[in-house]
Amino acid sequence: MKFREMSESDLVMVLDVERNAYEYPWTEGNFNDCLSGNYEIWLLESKGRVIGHGVISVAVGEAHLLNICVAQSCHSQGIGRFILRYLIERSRTLDATVMFLEVRESNLPALALYQSEGYEKIGLRKNYYPTVVGREHAIVMSLKLLGV
Ligand SMILES: CC(C)(COP(=O)(O)OP(=O)(O)OC[C@H]1O[C@@H](n2cnc3c(N)ncnc32)[C@H](O)[C@@H]1OP(=O)(O)O)[C@@H](O)C(=O)NCCC(=O)NCCS
């Protein structure tokens, strides 16, 4: 398995992974904004196939995890944790001392993953995300990157 940065030519593959993995996938517009902005989009490839991706933004000592997603067929095999740890290390390399993220309160797999990696709940954005039937809260989490 190897990591590489995403380019525009990966868009179709990455959108396919998103749409199959998740009820609330990122759109083409979301990825295009990140590709043209100050973000890093990392893909994990196995045998020439993209099996997951993650998006971070790092500036003035703060890292933000914008997205992490694993292909449906590869769930529960440790791939999400592997990508998350890579993004944490990448953030450290870029001199971040803290990492923030937001997660839907209904997203129990993601919450469990973040908590098991040491992220702590630091806040709640009420009715932040749209859902099929209304809205739901976002849990804001952080991870200190110093001194590890
Ligand atoms: C969240 C996601 C990235 C986890 O990836 P994964 O490769 O399936 O997860 P891993 O196999 O690395 O599991 C790591 C930990 O996550 C948690 N986890 C993963 N799947 C879970 C599930 N179905 N139920 C509960 N916890 C789960 C567990 O704590 C697990 O640790 P364990 O194996 O020691 O129990 C994956 O489910 C996904 O792509 N979801 C769709 C996109 C998404 O929700 N992204 C997060 C947006 S904030």
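Sort through 89, 102 and tell me the only one that's away from the ligand (no atom under 12 Å from the Cβ), at pLDDT 95 or above and open to solvent by 50 Å² or more (accessible area, probe 1.4 Å). Show your work before the answer.
On the way: 102 fails: away from the ligand (no atom under 12 Å from the Cβ).
The unique qualifying residue is 89.
With the requirement that a residue be in a loop (DSSP other than H, G, I, E, B) and over 19 Å from residue 79 (Cα atoms), what does the stretch 29-49 give you?
Narrowing the stretch 29-49 to residues in a loop (DSSP other than H, G, I, E, B): 37-39, 47-48.
Listed by number, the residues that qualify are 37, 38, 39.
Residues of the stretch 50-82 being surrounded by fewer than 20 Cβ atoms within 10 Å (Cβ to Cβ), away from the ligand (no atom under 15 Å from the Cβ) and not in a loop (DSSP other than H, G, I, E, B), which ones?
Scanning the stretch 50-82 gives 59, 62.
Which numbered condition in (1) over 18 Å from residue 113 (Cα atoms); (2) in a strand (DSSP E or B); (3) within 15 Å of the ligand (Cβ to nearest atom); (4) touching a residue at least 40 places away in the same chain (Cβ under 8 Å) is the only one that residue 26 fails?
In the conditions (1) over 18 Å from residue 113 (Cα atoms); (2) in a strand (DSSP E or B); (3) within 15 Å of the ligand (Cβ to nearest atom); (4) touching a residue at least 40 places away in the same chain (Cβ under 8 Å), residue 26 misses (2) alone.
Just a yes or no: is a residue in the stretch 8-21 surrounded by fewer than 16 Cβ atoms within 10 Å (Cβ to Cβ) and either near the ligand (Cβ under 10 Å from one of its atoms) or modelled with pLDDT under 95 (or both)?
Among the residues of the stretch 8-21, at least one is surrounded by fewer than 16 Cβ atoms within 10 Å (Cβ to Cβ) and either near the ligand (Cβ under 10 Å from one of its atoms) or modelled with pLDDT under 95 (or both), which makes the answer yes.
Out of the residues in the stretch 106-128 meeting the condition of being under 22 Å from residue 22 (Cα atoms) and in contact with a Ser or Thr (Cβ under 9 Å, 6 or more places away or on another chain), tell me which one is nearest to the ligand (Cβ to nearest atom).
109
Any residue at all in the stretch 118-127 that's outside any helix (DSSP H, G or I) and touching a residue at least 40 places away in the same chain (Cβ under 8 Å)? Walk me through how you get there before you give the answer.
Looking only at the stretch 118-127, we keep the residues that are outside any helix (DSSP H, G or I), and these are 118-127.
Then keep just the ones that are touching a residue at least 40 places away in the same chain (Cβ under 8 Å); that gives none.
No - not one qualifying residue is present in the stretch 118-127.
Pairs, please: C-beta under 8 Å, at least 6 apart or cross-chain, first residue in contact (Cβ under 8 Å) with a residue 24 or more places away in the chain and in the stretch 69-91, second within 6 Å of the ligand (Cβ to nearest atom) and aromatic (Phe, Trp, Tyr)?
Listed pairs, sorted by first residue: 69/22.
The values are calculated or read from the model by the stated rules, or taken from the named source; none is laboratory data. Note that the structure is predicted; figures quoted are calculated from it, not measured. With ideal geometry, Cβ positions are generated from the backbone for all residues, glycine too; neighbour counts draw on all protein chains shown. Note: areas computed on protein heavy atoms with side chains; ligands, DNA, RNA excluded. Shrake-Rupley method; radii C 1.70, N 1.55, O 1.52, S 1.80 Å.
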